[in-house]
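So the structure is just underneath, and the comments pick up after that.
Only the coordinates and a few stated rules stand behind these numbers; no lab work does. This is a predicted model, so every value here is computed, not measured. Virtual Cβ from ideal backbone geometry, glycine too; neighbours counted across all protein chains shown.
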Amino acid sequence: MPSAPPPSPGGPRPLRRLVVPVFLPAAVFGVGQGASAPVVALQARELGASIWVAGLIVALLGLGQVLGDLPAGQVVARIGERRAVLLGSAVGAVGVALSLFSWSPVVLGVGVALFGVASAVWGLARQSYVVDAVPPGMRARALSAMASLSRLGFLIGPFLGAGVVSLVGPRGGFVVQLVAVLVAGALMAAMPDVTARAPGAPQARSLRACVAAHRKVLGTLGAATMLMGAARASRTAVLPLWAEHIGLDPVTTSLLFGLGAALDVALSYPAGRWMDLRGRRSLAAASLVGFTAAHLVLPLAGGVVALGAVSALMGVANGLGNGLIMTIGTDAAPDDARAEFLGAWRLCHDLGMLGGPLLIGAVSGAATLGAAALVMGGLSAVGAGGMARWVPRRRAGQSSDSVPDSARPSAK
């Protein structure tokens with residue numbers, strides 16, 4: 001598998017080389033996500049969907065990511081990052097356009113799912129490139145920087161979206177998202193291919209073969225990762241739905257999302273530096289403890305200030321885990337099938353992203369929205385325990401062989 005040229009030793013130069021092909025597009029892409037995240041459920045409600053169906057539509061973003069994860073590793077390995085990004089851009093633009101012009105909850109759901117597919121392909125291509133472009137001792141910082149700029153975009157997105165939403169309603173969030181997808185795709189076209197297989201190289205492994213070869217790490221760390229994905233994704237359903245439940249308008253809801261995103265961004269790069277210098281385990285557990293607390297206190301939020309505090313706590317929790325999933329995944333990935341392994345690894349996280357909003361919708365339909373938040377809080381606590389047990393203690397300069405035996409990929 002061809003590799004990028006070796007990075008310059010020391011200093012920030014390896015990170016500066018990532019500005020145009022990775023960091024800037026991540027920020028623009030985040031703007032679109034931030035603008036649309038608070039309005040998906042609200043648009044579904046405006047189209048006549050029930051709370052349960054609105055939660056289901058939000059979960060379709062996760063379904064699209066899961067469906068994208070299935071082939072993404074092989075696609076990136078075979079055609080390279082640049083072509084994969086262009087393919088994802090086209091799919092994402094179609095999905096956002098369907099969401100923008102949706103005339104029924106079904107059409108909105110299809111659009112959201114297509115955008116999820118595009119997100120999976122983009123995410124894997126960017127992650128694979130970063131791993132080749134920086135030395136291992138800067139890996140967490142590079143991945144966290146990419147994630148933090150995405151979070152910065154997510155911070156700007158709700159504020160920018162709120163202005164457009166105030167003029168045209170919830171669809172305004174999708175207007176911002178469509179522009180962001182097109183601009184980010186154009187910027188990522190500058191990303192060079194570093195993982196496309198040369199003629200005569202071994203064929204890409206199937207997803208089944210990759211899962212079988214690395215079942216130990218996917219069954220331990222992957223399970224904890226799944227619970228983190230569920231906690232992260234549930235906030236995009238539970239916060240706007242709870243805001244509607246207590247009578248807040250869409251503009252206020254977008255602003256509350258922005259508050260949480262601000263704290264998320266502030267913690268992002270420090271979290272990556274901590275992981276490089278002191279390991280990943282403590283921040284992994286702390287992130288899920290924060291999600292646990294936020295979900296458990298949500299039913300007590302009866303006004304703007306209280307819900308703002310919950311949004312802030314979720315932002316802190318997300319910031320502490322910024323870049324974490326990508327980092328521990330690349331720590332464990334084998335050199336001879338990295339793209340395929342990362343596709344399976346992202347599938348674990350994205351199954352959680354799918355399941356979180358689904359669980360919120362299902363429990364809300366059977367009981368109450370408050371009960372759904374409590375259930376998610378309990379699952380987040382289980383995930384915190386899993387992270388504390390299985391995330392390896394890894395510091396800068398250590399090899400990926402520091403993955404513990406209980407979570408080490410099977411040798412084949």
Could you tell me which residue out of ALA72, VAL183, MET387 lies farthest along the dipole of the chain toward its positive end? Charges go on the beta carbon: Lys and Arg +1, Asp and Glu -1, centred on the Cα centre. MET387
Mean Kyte hydropathy of 0.5 or more with a Cα span along the axis of at least 30 Å, helices from DSSP in the chain: 51-100, 105-133, 139-168, 250-278, 338-366, 369-390
Here the gain from full extension of ARG208 to TRP52, 0.36 nm per residue of separation minus their alpha-carbon distance, amounts to 52.9 nm
Which one, ARG235, ARG16, ARG346, has the greatest fluctuation when you compute a Gaussian network model over the chain with C-alpha springs under 10 angstrom? ARG16
About the Cα centre of region 64-180, what is the dipole size in debye to 20, counting +1 per Lys and Arg Cβ and -1 per Asp and Glu Cβ, all else neutral? 160 debye
Helix-derived [θ] at 222 nm for the chain: sum -39500 (n - 2.57) over DSSP H runs of at least 4, divide by residue count, nearest 500? -26000 deg cm²/dmol
Of the residues SER148, SER102, SER311, which exhibits the maximal mean-square fluctuation in a Gaussian network model of the chain defined by a 10 Å Cα contact cut-off? SER102
What label, among [x] 4, 17, 19, 16, 12, 10, 9, 7, 4, 2, 0; [y] 4, 22, 33, 28, 11, 1, 0; [z] 5, 24, 36, 25, 9, 1, 0, belongs to P(r) over Cα pairs in 10 Å bins from 0, in percent computed from the structure on display? [z]
Going 7 Å from the Cα of THR252 in the Cα-to-Cβ direction, what parts of region 23-38 have a backbone nitrogen less than 17 Å from that spot? 38
If R₀ is 30 angstrom, what is the calculated FRET efficiency for the pair THR368 and SER282, using the beta carbon separation as r and rounding to 0.05? 0.30
VAL305-TRP103 pseudo-label distance in nm [points 7 Å out on the Cα-to-Cβ vector]: 4.7 nm
